[in-house]
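What follows is a short report on a single structure.
The values are calculated or read from the model by the stated rules, or taken from the named source; none is laboratory data. Because the structure is a prediction, the values reported are computed rather than measured. When we count neighbours, we look across all protein chains shown, and the Cβ atoms used for this are built from the backbone with ideal geometry, even at glycine. Please note that ligands, DNA and RNA were not included when accessible areas were found on the heavy atoms of the full protein model with its side chains. Shrake-Rupley method; radii C 1.70, N 1.55, O 1.52, S 1.80 Å.
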Amino acid sequence: MGYGSYSSQAHEALIQTRGTLSRQVLFRQERCHPLMDPRGVNWRESRDSEEHPLSLGIVFALDVTGSMGDIPELLARRGLPSFMRALLDVGVTDSQVLFMAVGDANSDRAPLQVGQFESNERQMDQWLTSSFLEGGGGTPGHESYELAMYFAARHTDLDCFRKRNRRGYFFMTGDERPYPFVSHTQVASLMGDRLEKDLPVQQVVDELQRAFEPFFLIPGLARRRNCERHWRELIGDRVICLEEPGDCVDVTSSLVGLCEGAIADIDALARHLEREGRDRSRRGAVIRALTPFAATLGRDGTPQPRLEDEHLPFDDASSGHRRIVPRDGR
């Protein structure tokens, strides 16, 4: 999938019609939409085309339990056009977006819902608003995030990776921990896959990282105590702590810009956000959220130390380091 061109103007016009709609009207589904049921799905495909010769697959796996439904609603009301426009502004012209909705397989009726990769604004919006915001949740402290990672790892096929060895992006929002294993019985009932045994969640993360740059977004500093440490053990500095859910769009688009090299560093990001009309407080919140990850890329604006010697010694060889000896010889 991923055919059709994107129009920012058409997308904005679509969003303008929603000013007074309630969440229940905007997200009308009362059960999993049949086309978003993952059972029997072999592949969700992000493909190059004449319109999109350099496709880039992007997955939004959105927690829809409890209060986490705020982010899908934010995207549907104003965020998705801003995200797409931000990508275009930094030169990412052929993005293809897929939406997942994530719940809890131990209690919810629709613990995993999966759309298609799309480039056209109307189709993107249709998949997003076809999500069932169940609002449930299961075992305290856990949601079935591991099922979304498993599906992306084993049931998506990206031309950006297959043809150009260029990873796509996997953005998951949440405020709990994943279960420690992908249950073989849940995978069989939800997707039809036959596994011999449960898969450790770390194995699934490793598989996901082959074709995706994965990020876990915690939408509020008060929520980080529930899950941040656990997610950092799984994916390290790719855990991004937001100060409020509304920063999700700017953070995700900026992550793509930083990783793709379209945004040089944190200073360039600040200028970009200012041009986009973000006020000082929101610019500061986005920069604070992204500075730790930018540092891992060497793009946080901190001068890098220069070592005097290029190579470290092997075994018992002399280090070659030239020590400055004080004049008194001590």
Fill in the blank from the handout: With +1 at each Lys and Arg Cβ and -1 at each Asp and Glu Cβ, the charge dipole magnitude of the range 163-248 around its Cα centre, to the nearest 20 debye, comes out at 320
Handout entry: Among (1) -0.31, -1.27; (2) -0.47, -1.29; (3) -0.27, -1.24, the entry that matches log10 I(q)/I(0) by the Debye sum over Cα atoms at q = 0.07, 0.15 Å⁻¹ as calculated here
Key = (1)
Exercise for the section: Counting only heavy atoms of the protein chains, get the accessible area per residue of the range 105-215 (1.4 Å probe) and round it to a whole Å² value. Expected result: 38
Completion exercise
Magnitude of the Cβ-charge dipole (Lys and Arg +1, Asp and Glu -1) of the range 73-225 about the Cα centre, nearest 20 debye, reported as 360
Problem - Projected label distance in nm at residue 35 and residue 237, using a 7 Å step from Cα toward the beta-carbon - result: 4.1
Problem - Among 238-244, 29-35, 148-154, the order from most to least packed when residues are scored by Cβ within 10 Å on average - result: 148-154, 238-244, 29-35
Handout entry: Of all accessible heavy-atom area on the chain, the percent that carbon and sulfur account for (1.4 Å)
Key = 47
Completion exercise
Quick calc, residue 88 & residue 18: beta-carbon distance into FRET formula, R0 25 Å, rounding 0.05, result 0.70
Completion exercise
Residue span residue 106 to residue 276: 0.36 nm per residue of separation minus Cα-Cα distance leaves a gain in nm of 57.0 nm
Problem - the chain, helix-only ellipticity at 222 nm - DSSP H runs n ≥ 4, -39,500 (n - 2.57), divided by all residues, nearest 500 - result: -11000 deg cm²/dmol
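Can you order the peptides 56-64, 263-271 by their average number of other Cβ atoms within 10 Å per residue, highest first? It would help to have the intermediate numbers written out before the result.
On the way: 56-64: 26.8, 263-271: 17.7.
In descending order of packing, they fall as 56-64, 263-271.
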Handout entry: Label-point separation in nm, residue 297 to residue 165, each point 7 Å along Cα→Cβ
Key = 2.0
Fill in the blank from the handout: Those helices of the chain passing the 20 Å axial Cα length cut-off and the mean Kyte-Doolittle cut-off of -0.5 (DSSP H runs only) are 280-296
Practice task
Under 10 Å from the Cβ of residue 142, count the other residues' Cβ atoms, weight Lys and Arg +1, Asp and Glu -1, and hand me the total.
Solution key: -3
Practice task
Could you sort 283-295, 198-210 so that the peptide with the highest average Cβ count within 10 Å comes first and the rest follow in order?
Solution key: 283-295, 198-210
Handout entry: Accessible area, probe 1.4 Å, largest first, for residues 12, 51
Key = 51, 12
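Under the 0.36 nm per residue contour assumption, what length would be gained going from the current alpha-carbon distance of residue 7 and residue 43 to full extension?
In short, 10.3 nm is gained.
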Completion exercise
Along the dipole axis of the chain (charges at Cβ: +1 for Lys and Arg, -1 for Asp and Glu; origin at the Cα centre), the most positive-end residue among 268, 68, 87 is 268
